[in-house]
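Asker: Just passing along the structure, written as structure tokens.
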Amino acid sequence: MYKGGYMGLVLRVNLTTGDIKKESLDPKIAKDFVGGAGIGINYLVKEVPGDIDPFSEDNKLIFVNGPLTGTSTPCASRMSVVTKSPLTGAVGMSSSGGHFPVELKFAGYDALIIEGKSESPVYIYINDDEVKIKKADGIWGMETFDTQNYIKHSLNNQNIRVACIGPAGENLSRLACIINERRAFGRKGTGAIMGSKNLKAIAVRGTKTVEIADEEEFKKARTRMLGAMKESPLLYSHFSKMGTPMIVDAISALGIFPSENFSTTGEKSYVESIGAEASAQSIVGSEPCYGCPVSCSTIKLARGSSKYVGALSDPEYETYYSFGGVTGVTEHDAIIAADNLCDRLGLDTMSAGVTIAFAMELYEKGILTNDDVGGLDFRFGNHEAMYDALIEMAYRREGIGKLLCDGTKVLSEKIGRDAYKYAMHIKGLELPAYDPRGAKAHGLNYATSYTGADHNRGYAFQEIFAIPIPAAYDRFQLEGKGKLTKWNQDVRTATCDCPTMCAFLLDLALPSIALQNTADLLTALTGVSYDADDVMVVGERVNNLARLFNISTGLTRDDDSMPYRIMNEPLRDGGSKGHYIPKEDLDKMLDDYYTERGWNLSGIPTKEKLMELGLV
């Protein structure tokens, strides 16, 4: 039985019946799955049939923080949201930081499970033990920043933290996300699930504290973690000052910064226009998550002579890709403005940008016409057309809005013909900002991640940053990439997605001690003994359980694939020139990966593996 770290309660809100229930958190679930994505996926598998329509009221939206959330652990104010994704049909898991995660914890809840569907717009109000479903007719249609401000003013409490959707979620765009302050539960269409339930927002205020089983041991573990963070050559000297955009230059040097829908990767450089130096010149401050000493979220101001002057936002590296490289845009202010617009509209920047880039290539090839795109000049690099398209997509307007609002996979199916050859998605989720042709384990993770093409589920920092942990790897080689991908996925799940912890620490400061660090923190915090091996098993258990859910939805080995371009078009220039991932190479890596996981060659977990993990 845990003695600290958990509040011990799961809050369940049924929007169909109006029932509000508080349930005890099962200690065994806490032990086996820790928190965050682990507990969320456990509930998803038990309570949501794999074959349902994601927009059915039988789907659930499950918010789960971790035992470290709300403690003095640095960089731990994070939370996962789990649902059946309307974008992929698979497990939809997204995480976010800021202050909302810790506020739900302080209100006394380890998880919030939202069921059913309201007949009219509502929002959920949580103030410690008080929980209400309140009417939201007056705020339906508002943008996210206005929604947050309105709720705080109407409740006369500026300390309330709000997670909400904008017009994109209300209009059921499969690219919609959930916004809390400037943070997003991004990708996978989580905002559309909120919209399908007529749920505009969740407003939370909490005043409780998190108990710690062994204060002295917890302080020791925390001190060791802070020491490792200080020893990092990049964390405070560079990352803290510039955030993720600092890596545009490094990824470009590897020849894998995607350009023009991955058609000219390595051939064009964006370093001068949107690289680290250009990004740094726009920084006006930072906005740290709760209890974070790193403060990597750098706020940028568009202050050139462009039409976007005055826009304020905090675009991450992935947004420099989605509204920069992959769309061919070199106007720095346009990226800041587009990021701000998406945050206001509740639209995921990554999927939206890649979808626009796909449409731009189709337009340049004559597959989409002027009429299809509403008369916009939809060539690569046209930032004005990109910006205008985002508005149309969020409101699902006739023409280009309806055409693009549900993402790359749906657009490819609508167009037909040869469009699939240029559709950059896996399982319906658009590719992130690393061309996998020049980083094979990174690509294998895209193919096998339970959420689709998701760099955050198994980031191959060994290939991207040449960090030799657990060993050194050549980014172009095939051998050993199945073992490496399994390790990356399980470690990231166990040390970041479940406790919950910011994944940037794993990449930049803690890779050599991540498992033991997590074990030390959890043991001191909860009073339940963990060692490094126990932590690793948590990650493996969660990834196997997620695989079982995806199998129940009908996904097979054939879905662990790559876009046509990645498998058939070698890179023509740059630091990864000549490389690609033909089907025979992918099959070799998949066989290796499945074998390392203890799955059969169809990608199905064996009974022996499930018994070993306590899942049957």
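The values are calculated or read from the model by the stated rules, or taken from the named source; none is laboratory data. All values reported here derive from a predicted model rather than from experimental measurement. Ideal geometry is used to build each Cβ from the backbone, glycine not excepted, and the neighbour counts take in all protein chains shown.
Asker: Checking the conditions here, which among Asp520, Asp490, Asp560, Asp497 is touching a residue at least 60 places away in the same chain (Cβ under 8 Å) and in contact with an Asp or Glu (Cβ under 8 Å, 6 or more places away or on another chain)?
Answerer: Testing whether each residue is touching a residue at least 60 places away in the same chain (Cβ under 8 Å) and in contact with an Asp or Glu (Cβ under 8 Å, 6 or more places away or on another chain) leaves just Asp520.
Asker: Starting from residues that are touching a helix residue (DSSP H, G or I) at 6+ places or on another chain (Cβ under 9 Å) and surrounded by fewer than 18 Cβ atoms within 10 Å (Cβ to Cβ), keep the ones in segment 250-267 and report whichever is farthest from Gly438 (Cα to Cα).
Answerer: So, considering only residues that are touching a helix residue (DSSP H, G or I) at 6+ places or on another chain (Cβ under 9 Å) and surrounded by fewer than 18 Cβ atoms within 10 Å (Cβ to Cβ), the one farthest from Gly438 (Cα to Cα) is Ala250.
Asker: Could you tell me how many of the residues in segment 540-568 are assigned to a loop (DSSP other than H, G, I, E, B) and in contact with a Ser or Thr (Cβ under 8 Å, 6 or more places away or on another chain)?
Answerer: Total satisfying the criteria: 2.
Asker: Quickly run through segment 49-69 and pick out the residues that are acidic (Asp, Glu) and assigned to a strand (DSSP E or B).
Answerer: none
Asker: Using the structure shown, decide if Ala203 is aliphatic (A, V, I, L, M) and part of a helix (DSSP H, G or I).
Answerer: no
Asker: State the number of residues belonging to segment 501-516 that are under 17 Å from Asn456 (Cβ atoms), at pLDDT 90 or above and not in a loop (DSSP other than H, G, I, E, B).
Answerer: 1
Asker: While we're here: For segment 522-539, which positions are surrounded by 21 or more Cβ atoms within 10 Å (Cβ to Cβ) and out of contact with any Ser or Thr (no Cβ under 6 Å at 6 or more places or on another chain)?
Answerer: Leu522, Ala524, Leu525, Thr526, Val538
Asker: What pairs come up if the first residue lies in segment 16-39 and is on the phi > 0 side of the Ramachandran plot, the second is of a type in the set (Ser, Thr, Tyr), and their beta carbons are under 6 Å apart, counting only those six or more places apart or on different chains?
Answerer: Here the result reads Gly36/Ser80; Gly36/Thr500, each pair linking segment 16-39 to a residue that is of a type in the set (Ser, Thr, Tyr).
Asker: Residue check, Ala276 against (1) under 30 Å from Tyr580 (Cβ atoms); (2) over 24 Å from the mean Cα position of the chain (by Cα), all met but one. Which one?
Answerer: It fails just one condition, (2).
Asker: Right, here's the next one. If I ask for residues that are under 22 Å from Asp507 (Cβ atoms) and either polar (S, T, N, Q) or in contact with an Asp or Glu (Cβ under 7 Å, 6 or more places away or on another chain) (or both), which ones from segment 246-264 would you list?
Answerer: At the first step, the residues of segment 246-264 found to be under 22 Å from Asp507 (Cβ atoms) are 246-258.
The answer is Ser252, Ile256, Pro258.
Asker: Okay, next question. Does at least one position in segment 63-81 carry a residue that is modelled with pLDDT of 95 or more, among the aromatic types (Phe, Trp, Tyr) and surrounded by fewer than 20 Cβ atoms within 10 Å (Cβ to Cβ)?
Answerer: no
Asker: Sort out which residues of segment 70-106 are of a type in the set (D, E, K, R) and not in a helix (DSSP H, G or I), and write them in order of number.
Answerer: Residues satisfying the conditions are Arg78, Lys84.
Asker: Mind checking whether some residue in segment 504-521 is crowded, with 22+ Cβ neighbours inside 10 Å and over 25 Å from the mean Cα position of the chain (by Cα)?
Answerer: Within segment 504-521 (the criterion being crowded, with 22+ Cβ neighbours inside 10 Å and over 25 Å from the mean Cα position of the chain (by Cα)), the answer is yes, since at least one residue qualifies.
Asker: Would you pick out the residues in segment 310-339 that are under 22 Å from Asp377 (Cβ atoms), surrounded by fewer than 23 Cβ atoms within 10 Å (Cβ to Cβ) and of a type in the set (A, V, I, L, M, F, W, C)?
Answerer: Result: Ala311, single match.
Asker: Next up: Cβ-Cβ distance below 6 Å, separation of 6 or more or different chains: which pairs start in segment 100-129 with a residue that is crowded, with 22+ Cβ neighbours inside 10 Å and end on one that is at pLDDT 95 or above and among the aromatic types (Phe, Trp, Tyr)?
Answerer: From segment 100-129, the pairs are Asp110/Tyr6; Leu112/Phe63.
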